[in-house]
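See below for the structure under consideration.
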Amino acid sequence: MESLRDILDAAAEGVFPPADGGTTVVPQDSPRDAGVLCFTAHSVVFTDEDPRWVRERLATMECDALSASMNPRFLAVLMERTGRTAETIDAMLVAPPLPGEPPLPLREILDAGHPRVMYARRRRDDVRVWAVDGGVLTTGRGIAGRLEVSVEVAESVRQRGLGRTLVRAARHLVDEPLWAQIAPGNARSMRAFQSAGYRPVGSEILLIPR
């Protein structure tokens, strides 16, 4: 059986699960992360719950079968059963690495007690954080060990292209595909990532321990 990491690695290369309206259920890669990924006409539920239970619950959803895995009622039942909670459904984007040096000078923050480092370590492993005037760039290993990126830009310097420059710079710091999760309503961030070469591949919701 394919692992969650196998599915993600393939998606990063543009190879997606079959658009057959089905749902793949795979075990969690770690005790920390469970959730749902949705690609075109195919869902992936990653949980240590019984796959038969997952499929039975999906079959009871009074909605289009293609929407069942992200239906609020299914997610509520899944969270109740697993004792988890969630924040939002995100768009899932990915970009390949880029050669050469980043297009702006980055100062790596090595202080493990830095608030940004401590926050990121609650959701990711192997966290690294860089700073520039007005912005912070973070990478770390999240779902199934994939490499993920996030940025923060100070309000005083927003709408000047710094966010876009930072997320493009991140691609120069890595040697493997780089993933991002963005709330679809955050149009500014979506535009910044897409203009920096990240392409949408699906949606996801991460269920985190209470």
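Shape class of segment 1-84 from the Cα gyration tensor (axes a ≥ b ≥ c, square roots of the eigenvalues): oblate, since a/c reaches 1.5 or more and a/b does not exceed b/c. Compared with the alpha-carbon gap, the fully stretched path from residue 81 to residue 118 is longer by 10.4 nm at 0.36 nm per residue.
Across the accessible surface of the chain, with the other protein chains kept in place and a 1.4 Å probe, carbon and sulfur atoms take up 50 percent. In this structure, residue 41 and residue 88 have a Cβ-Cβ separation that, at R0 = 25 Å, corresponds to a calculated FRET efficiency of about 0.65. In the full protein context, the chain carries 50 Å² of accessible surface per residue, based on a 1.4 Å probe and ignoring ligands, DNA and RNA. For the chain, the longest principal axis of the Cα atoms and the long axis of helix 162-171 meet at an angle of about 70 degrees. Counting Cα-Cα pairs of segment 112-180 in 10 Å increments starting at 0 gives whole-percent bin shares of 21, 51, 26, 1. Packing around the peptides 21-34, 70-83, taken as the average count of other Cβ atoms within 10 Å per residue, puts them in this order, highest first: 21-34, 70-83. When you count the other C-beta atoms within 10 angstrom of each residue and take the mean per peptide, 199-210, 48-59 line up highest first as 199-210, 48-59. Projecting the Cα atoms of 78, 31, 65 onto the charge dipole of segment 1-96, computed from C-beta unit charges around the Cα centre, puts 78 farthest toward the positive end.
Stretching the chain fully between residue 160 and residue 62 yields a gain of 30.7 nm (0.36 nm per residue, less the alpha carbon separation).
Amide H to amide H distances under 5 Å link residue 207 with 34, 35, 36, where only residues 5 or more positions off or on other chains count and H is placed in the peptide plane. The per residue volume of the convex hull around the alpha-carbon atoms of the chain is 126 Å³.
The values are calculated or read from the model by the stated rules, or taken from the named source; none is laboratory data. Everything quoted here is computed from the prediction, not taken from an experiment. Cβ coordinates were reconstructed from backbone atoms using ideal geometry, including for glycine residues, and neighbour counts include every protein chain displayed. Just so you know, the surface numbers come from the protein's heavy atoms only, side chains and all, with ligands and any DNA or RNA stripped out. Shrake-Rupley method; radii C 1.70, N 1.55, O 1.52, S 1.80 Å.
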